Amino acid sequence: MNWEVRQTRRFARIYKKLHDNVVVEVDKAVEAIAQDPDIGEKKKGDLSELWVYKFRCLGQLYLLGYTRDDGIRLVYLEAVGSHENFDRDLKR
């Protein structure tokens with residue numbers, strides 16, 4: 001059963017700036033997360049509530065950060081971006 005997916009403002013701002021090729025891959029990643037939120041890896045330290053799903057697009061590693069509410073089966077999309085400085089940008 002699919003989980004409900006919602007996006008934060010930060011995710012929406014980043015998403016609309018992405019190139020069309022990357023948008024297709026992000027949509028596939030979101031669908032995979034909606035099917036099974038355990039597919040990602042849980043972060044440690046300051047971002048311990050965040051889960052990250054990694055995928056490749058155009059030879060570059062991208063990360064899709066999300067949080068989840070198991071009680072109501074809801075996934076919040078927090079951010080998407082290349083591997084470089086992903087954690088730093090999320091901490092801001």
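The values are calculated or read from the model by the stated rules, or taken from the named source; none is laboratory data. Not measured: the values here are computed from a predicted model. In this analysis, Cβ positions are derived from the backbone assuming ideal geometry, glycine residues included, and neighbour counts consider all displayed protein chains. Side chains included, ligands, DNA and RNA excluded: accessible areas come from the protein's heavy atoms. Shrake-Rupley method; radii C 1.70, N 1.55, O 1.52, S 1.80 Å.
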Q | Residue count for region 1-44, restricted to those that are charged (D, E, K, R) and in contact with a Lys or Arg (Cβ under 7 Å, 6 or more places away or on another chain) | A | 1
(Q) Under 6 Å between Cβ atoms, which residue pairs at least 6 apart in sequence (or on different chains) link something in region 71-82 that is farther than 16 Å from Gln35 by Cβ and in contact (Cβ under 8 Å) with a residue 60 or more places away in the chain with a partner that is open to solvent by 40 Å² or more (accessible area, probe 1.4 Å) and in a strand (DSSP E or B)? (A) Tyr76/Arg6
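Given the criterion small (Gly, Ala, Ser), open to solvent by 50 Å² or more (accessible area, probe 1.4 Å) and on the phi < 0 side of the Ramachandran plot, identify the matching residue among Gly59, Gly71.
Going through Gly59, Gly71 in turn, just one is small (Gly, Ala, Ser), open to solvent by 50 Å² or more (accessible area, probe 1.4 Å) and on the phi < 0 side of the Ramachandran plot: Gly71.
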Q | Condition met for Trp51 (open to solvent by less than 90 Å² (accessible area, probe 1.4 Å), modelled with pLDDT of 95 or more and in contact with a Pro (Cβ under 8 Å, 6 or more places away or on another chain)) | A | yes
Q) For the subset of region 18-34 comprising residues that are modelled with pLDDT of 95 or more and open to solvent by 50 Å² or more (accessible area, probe 1.4 Å), which member is nearest to Glu84 (Cα to Cα)? A) Glu25
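Check Ile39, Ile14 and return the single one that is open to solvent by 50 Å² or more (accessible area, probe 1.4 Å), over 23 Å from Arg88 (Cβ atoms) and β-branched (Val, Ile, Thr). Give the steps one after another, and end with the answer.
Numbers: Ile14 fails: over 23 Å from Arg88 (Cβ atoms).
It is Ile39.
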